[in-house]
Amino acid sequence: MRVLQVALPLPLPPMSYLPPLGQEGEEALGRRVAVPWRGEVRVGVVVGEGGRPSHALRHAIAYLDGAPYLRAEEVLFLEEAARYLFAPLGQVLADFLPPFPELRHRVRLYPGADPKVLPKGLEGLTAWQEAKGFDPKLLDFLREAGVLEEEVAFKEGKRVLLPLKEAHPDPALDGVLQTLKAMGQAESLAALARAAGVGVARVKRLLQEGYIGYGEPLPPSPSGEPLEPLLLPERPERLNGGRFLERMRLLAGLVAEGDHLVLFPEVSLLERFLQHFPQARPYHGGLSPKEREALFRNPKGLVFATYGGLLLPFTPRSLVVVEEGSESYKLSSGSRAFVPPLAEMRARLLGIPLTFLSLVPAVEVLERPGLTFPVPKPRLFLIDLKRERGHPLTGRALALLRQVEEKGRQAVVLSPRLGYSALLLCADCGYKPTCPDCALPLRYHKEAKLLLCHQCGHREAPPALCPVCGSPLLEPRGPGLEWLWEELRKATALPLYRYTKEAKDDLSPLLAGEPGVVVGTTALLRAPVLPELALVLLPYADGFLYDADFRAAERYHRLLWALTELRPGRRPLLALQTYTPDHPAHLALLEGSVEAFPWAEKALREVLDYPPKVRMVKLEVAHRLEVRALEAAFALVEALKGVAKEGEVLGPAPAPLPRVKGQYVFHLLLKGTTERLGELLSRLDRRRFKLDPDPHRFVGLLED
């Protein structure tokens, strides 16, 4: 008998099941199937066949698709991605599949079965009943006993009224039909009747005669102005530089004909491009499950997608990855995948060309043959905090803000953190209030009059005196958004607005061209374009630069170039208050080169044997007792003794932030090829640590 390998969207390898009863001979690969799992019914995907039949194996309940939901190409991609990520195939499936529709599940006792086998309380199962009202464990008992008959299917989504014919001979009914055609679709008979100003009976007659009918909701009508494509004689593997509009025209040239898949790191950038590609079909987590399911079942044309688009079951003519260096491509949970390497894998397995399209190339793609277009030289103004006075805004920064006010323009002030300040510090003894559960100073929030840990949520009132020496000289250090807001209220009469991930003021006056200043975090990169933006000010630029990982400088360099495009078509002044005006990232902007810094960074990493020269994975162990965490970390090292070569294992060492939420954290880094890393990881007990297959940050803090 055949044995199905079913991948459930859980962190597990594929599970073995017998085919559904009565469907043993049907093709199964790629179809969704309902299976019993731990006393309940789960939906999985058949990813293969194999294994020895056994009486211990259970039958799957029913196939949920008449045709494969995933092709053999997608199953192969899932298998290869699981190997690359060192993750169970089920976890990769869970990361990239859209949510399944809700199940309709009915059960009853098999006709002819003795009702006496029913446990107390299940007497109603002699007739069809919705499974939802019964104890799943009792149903599973009957299922194993072979006396439970089941019907499982996906529930139909919402259906709407659609016009089916052009006209009706009766003028009164034709008026209703034309009303529906003008509307496109109607939610119900009553809604159409109200819109047409008639009774429901007339609408019902149209339905009975087949002039209107129920169907799937129509996708939104395309909108936006298409761009004139910028065609190239050959398709390069990477495209960099240029103005924002030029890069969109280059994309239009790459996807001019046929089916294409374009990946974006986040929805805001996708929607920004979508304004100039009305023919594109969006696919991302912001859409309803029904919309995502509809596109997944019928992918074609030009598809603009976030990471989930990698599993769409079609073979596009090409694949384009936009802003491949963006950290938004990093999945924060699940397999912890970084999407661009998987996009490269997907294109290779499908045999289609791949192009990386970005303003600044990621270090990993520099050696690919490509084109770099000239960029407008940024207007950069560096304010040396070692020489200038004024905190948190120097005299020069205040002068720039006054110019914005005098000219009736707009400014953006970017803060690296929320709250009033990074910490409170005793000027006499150096004491600083610290979170009892995290190795972090408590953030000072002046408006709320509290000290807050942005990781675990611990809060307490700020002390009036230093609890160590009794000094009243507790001073805020490290300006946060509240502090900048307070100083700007003193420095300018312009209206002030806040823009963070958590709180967004209404920017309508600014979008209408009125003057003002927006104070916010990097969420501003995803804000609407301000038409009169003249100044972008970073009062503490180094707060974005210094981070405890080797990608920090590259991340900062990419941020600076992104800030130069906050107002496409213009060049707002980028003013940086910094203690390191001669940093290579600053010099690259002064030079007007998007490639100079990444090449220098690549050379440095090659000397250190860091990615992309080799691959690196991070192993993390944590425990509430520091000694136990350290023991677990050294146990990993011990398990690799005699197997790992010199330079392949770094650590263990305390994490850059050694204690978070009461847990002491230690890191171990492994370096090598994917195959070699797989060999090393096979020697370890995966239950003893958390794995990050492509680490991009080492601190692991929540976003400010």
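The values are calculated or read from the model by the stated rules, or taken from the named source; none is laboratory data. What you are looking at is a predicted structure, and each value in this text was computed from that prediction instead of being measured. Here the Cβ positions follow ideal geometry from the backbone for every residue, glycine too, while neighbour counts run over all protein chains shown. The area values use the complete protein model at the heavy-atom level, side chains included, leaving out ligands, DNA and RNA. Shrake-Rupley method; radii C 1.70, N 1.55, O 1.52, S 1.80 Å.
Here the chain is assigned +1 on the Cβ of each Lys and Arg and -1 on the Cβ of each Asp and Glu. Its dipole about the Cα centre then comes out at about 700 debye.
Over 26 Å apart at the Cα level, from the set Lys132/Lys330; Lys432/Lys661; Lys132/Lys690; Lys158/Lys181, are Lys132/Lys330; Lys132/Lys690. Computed extension length for Asp65-Ser332: 93.0 nm, one decimal, from 0.36 nm per residue of separation with the Cα-Cα distance subtracted. Length gained on full extension, Asp174 to Leu473: 99.5 nm, using 0.36 nm per residue less the C-alpha separation.
Taken about its Cα centre, the stretch 471-522 carries a charge dipole of about 80 debye when Lys and Arg each add +1 at the Cβ and Asp and Glu each add -1 at the Cβ.
Taking only protein heavy atoms and a 1.4 Å probe, the accessible area of the stretch 179-324 is 52% carbon and sulfur.
Residues of the stretch 7-32 with amide nitrogen under 20 Å from the 7 Å Cα-to-Cβ point of Trp128? 21-23, by backbone N distance to the label point. Classify the stretch 507-608 as rounded, prolate or oblate from the Cα gyration tensor: take a ≥ b ≥ c as the square roots of its eigenvalues, call it rounded if a/c is under 1.5, otherwise prolate when a/b beats b/c and oblate if not. Cα axes put the stretch 507-608 in the prolate bin.
In whole angstrom, note down how far apart the Cα centers of the stretch 626-704 and the stretch 464-529 are. Measuring centre to centre over Cα atoms gives 38 Å. Maximal additional length on extending the Lys449-Glu367 stretch stands at 24.3 nm, based on 0.36 nm per residue less the C-alpha distance.
Accessible area per residue was computed with a 1.4 Å probe on protein heavy atoms; Cys469 scores about 70 Å².
First select every other residue whose beta carbon is under 15 angstrom from the beta carbon of Pro436; then total the charges, Lys and Arg +1, Asp and Glu -1. Charge balance in the 15 Å sphere: +3. Listed values (i) 0.98; (ii) 0.95; (iii) 1.01 include one computed from this model; for Rg/Rh (Cα atoms, Kirkwood Rh) that value carries the label (iii).
Annotation for the stretch 24-95: GluC sites (Glu not before Pro) lying in DSSP loop with at most 14 further Cβ atoms inside 10 Å of their Cβ are Glu24, Glu26, Glu27.
Largest accessible area first, the listed residues Leu385, Leu319 line up as Leu385, Leu319 when surface is computed with a 1.4 Å probe on the assembled protein chains. Within the chain, what is the longest stretch that has no trypsin sites (Lys or Arg not before Pro) placed in a DSSP loop and near at most 12 other beta-carbon atoms within 10 Å? The reported range is 450-623.
Quick check for you: with a 1.4 Å probe and neighbouring chains kept, what is the accessible area per residue of the chain, in Å²? Here the residues of the chain average 47 Å² of exposed surface.
Rounded to the nearest 10 square angstrom, Phe356 shows an accessible area of 0 square angstrom against a 1.4 Å probe.
Centroid-to-centroid, using Cα positions, the stretch 3-20 and the stretch 335-399 are 42 Å apart. Measuring r between the beta carbons of Glu460 and Asp582 and using R0 = 41 Å, the FRET efficiency lands at 0.50. The Glu388 and Leu245 beta-carbon pair, evaluated with R₀ = 25 Å, returns a calculated FRET efficiency of approximately 0.10. Nonpolar atom fraction for the stretch 506-623, defined as the carbon and sulfur part of the 1.4 Å probe accessible area, stands at 57 percent.
The phi-based Karplus calculation (6.51 cos²θ - 1.76 cosθ + 1.60; θ = phi - 60°) puts the 3J(HN,Hα) values of the stretch 662-667 at x, 10, 7, 10, 10, 10 Hz, whole numbers, x for Gly and Pro.
Less than 5 angstrom separates the built amide H of Glu49 from those of Gln5, all sequence-distant by 5 or more or on a different chain. Here the stretch 633-700 has 51 percent of its accessible surface on carbon and sulfur atoms, given a 1.4 Å probe and all protein chains in place.
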